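Below you'll find the structure, written out as structure tokens, and then a few comments.
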Amino acid sequence: MATKIIIIDDHQLFREGVKRILDFENSFEVVAEGDDGSEVVNLYEQHQPDVIIMDINMPNVNGVDATRHLVEKYPEAKVIILSIHDDENYVTHALKTGATGYLLKEMDADALINAVKVVADGGSYLHPKVTHNLVKEYRRLSLGEGGSGNGNTQVIEIRRPLHLLTRRECEVLQLLADGKSNRAIGEALFISEKTVKNHVSNILQKMSVNDRTQAVVVAIKNGWVEVK
């Protein structure tokens with residue numbers, strides 16, 4: 001069965017570009033399009049999509065409000081928010097209202113396709129740059145920066161999880177925490193993107209997490225990576 005997708009974005013050229021990328025995947029089917037968040041509930045009821053890709057900024061009803069309205073009525077709905085904003089406040093607000101994915105409009109085609117596949121399978125997907133910013137904010141709060149933490153709280157011993165991961169997987173995990181995409185990780189380690197994907201898959205399995213964002217959060221909590 002094809003993954004049914006709805007695209008909602010008020011910029012027609014951008015919407016057509018997203019549709020063109022998705023149409024290259026034989027397992028995807030774009031079943032409807034819209035140009036405002038006010039249409040999402042009606043389109044969802046008509047087409048019962050597996051994934052909705054929705055812009056965050058639209059003139060009447062924005063993507064976040066539309067997501068909240070949709071998820072309140074249909075909790076099983078899966079929404080990926082598209083945005084130009086990588087600030088953690090935008091991201092956390094979108095996630096709190098029910099979005100299961102957050103992509104920056106600077107994404108490449110591979111990121112879009114991967115995000116749809118992950119979200120359709122029940123996972124969550126955040127753009128690597130967004131993940132990096134969230135991790136930095138989590139680290140700042142956990143270390144008490146600007147709060148009541150003492151000066152010694154920021155000195156953390158990095159304990160590589162060699163009991164769990166191979167050395168190469170540790171390197172990949174660190175680059176995930178740095179917000180690198182699979183392509184950028186491959187370039188940094190001089191390995192193919194397919195090999196990177198295999199390493200990421202092994203990391204998720206060994207760490208018993210569902211996606212790369214959870215892997216990075218667990219790694220941060222355990223002091224397995226450095227946050228720059």
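Table for the structure above
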read-out	value
Number of the exception - Thr153 against (1) at pLDDT 85 or above; (2) in a helix (DSSP H, G or I); (3) of a type outside the set (Gly, Ala, Ser)	(1)
Whichever residue in the range 47-93 is polar (S, T, N, Q), out of contact with any Ser or Thr (no Cβ under 9 Å at 6 or more places or on another chain) and part of a helix (DSSP H, G or I) and, among such residues, is least open to solvent (accessible area, probe 1.4 Å)	Thr92
Elements of type helices (runs of 4 or more DSSP H) in the range 176-228, at least 1 residues being closer than 22 Å to Leu112 by Cα and at pLDDT 90 or above	182-189, 193-207
Enumeration of residues in the range 16-38 that are of a type in the set (D, E, K, R) and closer than 15 Å to Val51 by Cα	Lys19, Asp23, Glu25, Glu29, Glu33
Residues of the range 87-119 classified as farther than 15 Å from Arg212 by Cα and among the aromatic types (Phe, Trp, Tyr), total	1
Residue list for the range 1-46, restricted to those being among the polar types (S, T, N, Q) and surrounded by 14 or more Cβ atoms within 10 Å (Cβ to Cβ)	Thr3, Ser38
Members of the range 211-228 found to be exposed (fewer than 14 other Cβ atoms within 10 Å of the Cβ) and over 15 Å from His163 (Cα atoms), listed by number	Lys221, Glu226, Lys228
Hey, Asp110 part of a loop (DSSP other than H, G, I, E, B) and not assigned by the TED database to the domain that holds Gly179 or not	no
The range 112-123 residues that are within 15 Å of Leu82 (Cα to Cα), paired with ones that are of a type outside the set (Asp, Glu) and at pLDDT below 90 (beta carbon under 6 Å, 6 or more apart)	Ala115/Tyr125; Val119/Tyr125
Members of the range 77-135 found to be under 22 Å from Lys4 (Cα atoms) and among the acidic types (Asp, Glu), listed by number	Asp108, Asp110, Asp121
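The values are calculated or read from the model by the stated rules, or taken from the named source; none is laboratory data. This is a predicted model, so every value here is computed, not measured. No Cβ is skipped: glycine too gets one built from the backbone with ideal geometry, and neighbour counts run over all protein chains shown. With ligands, DNA and RNA removed, areas are computed over all heavy atoms of the protein, side chains included. Shrake-Rupley method; radii C 1.70, N 1.55, O 1.52, S 1.80 Å.
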